[in-house]
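The values are calculated or read from the model by the stated rules, or taken from the named source; none is laboratory data. Everything quoted here is computed from the prediction, not taken from an experiment. For neighbour counting, all protein chains shown are included, and Cβ atoms are generated from backbone atoms with ideal geometry for every residue, glycine included. Areas reflect the complete protein model, heavy atoms only, side chains present, ligands, DNA and RNA absent. Shrake-Rupley method; radii C 1.70, N 1.55, O 1.52, S 1.80 Å.
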Amino acid sequence: MNVNAPQLPSYISSENLGPWHIYLQQVEQVAPFLDKSLWPWIETLRRPKRSMIVDVPIRRDNGEVEHFEGYRVHHNTSRGPGKGGVRFHQDVTLSEVMALAGWMTIKNAVVNVPFGGAKGGIRVDPRQLSLSELEGLTRRYTSEISSMIGPDKDIPAPDMNTNAQTMAWMMDTYSMGEGRTVTGVVTGKPISLGGSLGRQDATGRGVFVTAREAARKLQIPLEGARVAVQGFGNVGEASARMFAQAGARIVAIQDVSGTIYNAAGLDVAALKAYQQANGTLLSAPCGEFIDNTAFWGVPCEFMVPAALESQINRFNAEQVLARIVVEGANGPTTPEADAILAERGITVVPDVLANAGGVTVSYFEWVQDFSSFFWSEEEINARLERIMAEAFNAIWQLAEQRGMSLRSAAFVIGCSRVLEARATRGLYP
Ligand SMILES: NC(=O)C1=CN([C@@H]2O[C@H](COP(=O)(O)OP(=O)(O)OC[C@H]3O[C@@H](n4cnc5c(N)ncnc54)[C@H](O)[C@@H]3O)[C@@H](O)[C@H]2O)C=CC1
Ligand SMILES: O=C(O)CCC(=O)C(=O)O
């Protein structure tokens, strides 16, 4: 076993080769800062524990059969069962799902919930499917990955373009196979099926709590602060709403349809109502539409990327004027952009901390399902706030002590917890 100081493996290029390589670079950056006793185990973070590629055929409404490719990856299960969302998107790849599963491993350890990291997805543009086609796709996918999931094995949840209804179909399909109702197989379910109060807003709430903590440290008042949000779905909308409730001004919102800007502040509730009625933000009557690339240069104190990976990159990082970037999305900032933002004195609250509110309340949901005893929303939000604030402060303190970024500090804490568990479990003799 190699116990020398960890070296950057030859298969990791400094070029951006996709999300999985970005995840690997992030692990490599902190390897030298991990306790020496953990070095022999770092390899365990460099590949998934297991991954599955599945063919997902469905019958389209016109009678034709169409095939989609799906994935479920268990990145690491040293600390407990796999846990992570399911994404439906036309650009999903195995590399992306591996990275998303890797980030789940680190995230779950950062907030200290007793899970490993997993993720799943299907390469499909869900906007092209009818509701019954989506149900068929979800059910077939669940059936194909059923050997990998289970309440004590791997517990999926919503991610991009999936929601509580998707989780209801997954829970029902899995339960049909088991011959009994197994609510704990997924989280993010409807409340009527054992879902948790507070899960819907949990990721956005966690984004807001970590932003508020960072603002306190940097003495930036939230009242009147300008906020730019990319993504107006589950995470982006809830984050924007909570910033607005705290007195901040949401000056720009970008979604897949375009970018809306209003220096005086956008009305988040009106935009949500407009989006629900029209399926798009385009032509909402409360701001001006600006070029998508101009979004990155909008004057603001907070920028919340809450859509896809690699959105802040070497091409636009110089443009960013925010004082704090709070990563609602997974992997929205490339390592090159991280370096540029650091050089320019912009603080990045990393994804593995900032968006961990979702999985934290998923953990509460899982616990509630096991005990069939449900908590009040006040209790859930209070526990979530405490976990997020404590995780933030531990990471901030380590970053200060070691003179490192918040991302590196979060990775040091996350990787150490995972590798300590792995080392303690030992090897088959
Ligand atoms: N849903 C959850 O609980 C969690 C989600 N995340 C991450 O947050 C991010 C967003 O997820 P959700 O809000 O759940 O997804 P969602 O499907 O609810 O919303 C996605 C939003 O991104 C926008 N979008 C898509 N492509 C875009 C593009 N090319 N440019 C600009 N905007 C674009 C969509 O229009 C939509 O407003 C993802 O990175 C996801 O992995 C992280 C932790 C938990
Ligand atoms: O709630 C969960 O289990 C996972 C949410 C998720 O996919 C994420 O944090 O990226």
Rounded to the nearest percent, how much of the accessible area of the chain (1.4 Å probe, protein heavy atoms only) is carbon and sulfur? 50 percent
Rounded to whole Hz, the Karplus (6.51, -1.76, 1.60) HN-Hα couplings of segment 377-391, x for glycine and proline: 5, 4, 5, 5, 5, 5, 5, 4, 4, 5, 5, 5, 5, 5, 4
Inter-centroid distance (Cα atoms) of segment 191-218 relative to segment 375-427, Å: 16 Å
Gaussian network model of the chain, springs between alpha carbon atoms under 10 Å - residue of N163, N330, N62 with greatest fluctuation: N62
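Before anything else, pin down the relative contact order of segment 48-185: Cα pairs under 8 Å, at least 6 apart, normalised by residue count, whole percent.
Normalised by residue count, the contact order of segment 48-185 is 27 percent.
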Anisotropy class of segment 274-408 from Cα gyration tensor, a/c 1.5 cut: oblate
Starting from the amide H of N76, placed 1.01 Å from N in the peptide plane, find each other amide H under 5 Å away whose residue is 5 or more places distant or on another chain. K49, G117
Counting only residues 5 or more apart in sequence or on a different chain, those whose built amide H sits under 5 Å from that of A248 are G224
Segment 202-354: antiparallel bridges as % of DSSP beta bridges, rounded to 5, reads 30 percent
Per its Cα gyration tensor (rounded if a/c is under 1.5, else prolate when a/b beats b/c, else oblate), segment 44-160 is best filed as prolate
Per-residue ³J(HN,Hα) for segment 55-71, Karplus 6.51 cos²θ - 1.76 cosθ + 1.60, θ = phi - 60°, Hz, x for Gly and Pro: 8, 10, x, 9, 8, 6, 4, 7, x, 7, 8, 10, 10, 10, 9, x, 9
Under 5 Å, built H, 5+ apart or other chain: amide partners of G84: A118, I155, A157
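Compactness ratio of the chain: Cα Rg over 2.2 N^0.38 Å, N = residue count?
Working it through for the chain, the quotient is 0.94.
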Please give the peptides 353-362, 371-380, 48-57, 142-151 ranked by average Cβ packing (other Cβ atoms within 10 Å per residue), highest first, as a rough proxy for protection. 353-362, 142-151, 48-57, 371-380
Could you order the peptides 288-300, 182-194 from most to least packed, using the average number of other C-beta atoms within 10 Å per residue? 182-194, 288-300
Past 26 Å, Cα to Cα, is the threshold; run K83/K272; K36/K153; K49/K107; K119/K189; K36/K107 against it and keep the listed order. K83/K272; K36/K153
In Å², what does the accessible area per residue of segment 292-407 work out to with a 1.4 Å probe? 38 Å²
Of M160, M404, M170, the most mobile residue in a GNM of the chain (C-alpha springs, cutoff 10 Å) is M404
Within-11-Å neighbourhood charge of G117 [Cβ basis; K, R +1; D, E -1]: +4
Could you go through segment 230-247 in sequence order and give the Karplus-derived ³J(HN,Hα) for each residue, using 6.51 cos²θ - 1.76 cosθ + 1.60 with θ = phi - 60°, rounded to whole Hz, and x for Gly and Pro? 9, x, 10, x, 3, 7, x, 5, 5, 4, 4, 4, 6, 4, 5, 4, 7, x
Semi-axes of the equivalent ellipsoid for segment 202-354, please: Cα gyration tensor eigenvalues, times 5, square-rooted, ordered largest first, whole Å. 22, 17, 14
Relative contact order (percent, whole number), the chain, Cα cutoff 8 Å, 6+ residue spacing: 16 percent
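Probe of 1.4 angstrom, ligands and nucleic acids ignored: what's the accessible area per residue over segment 183-279, in square angstrom?
Solvent-accessible surface per residue comes out at 36 Å².
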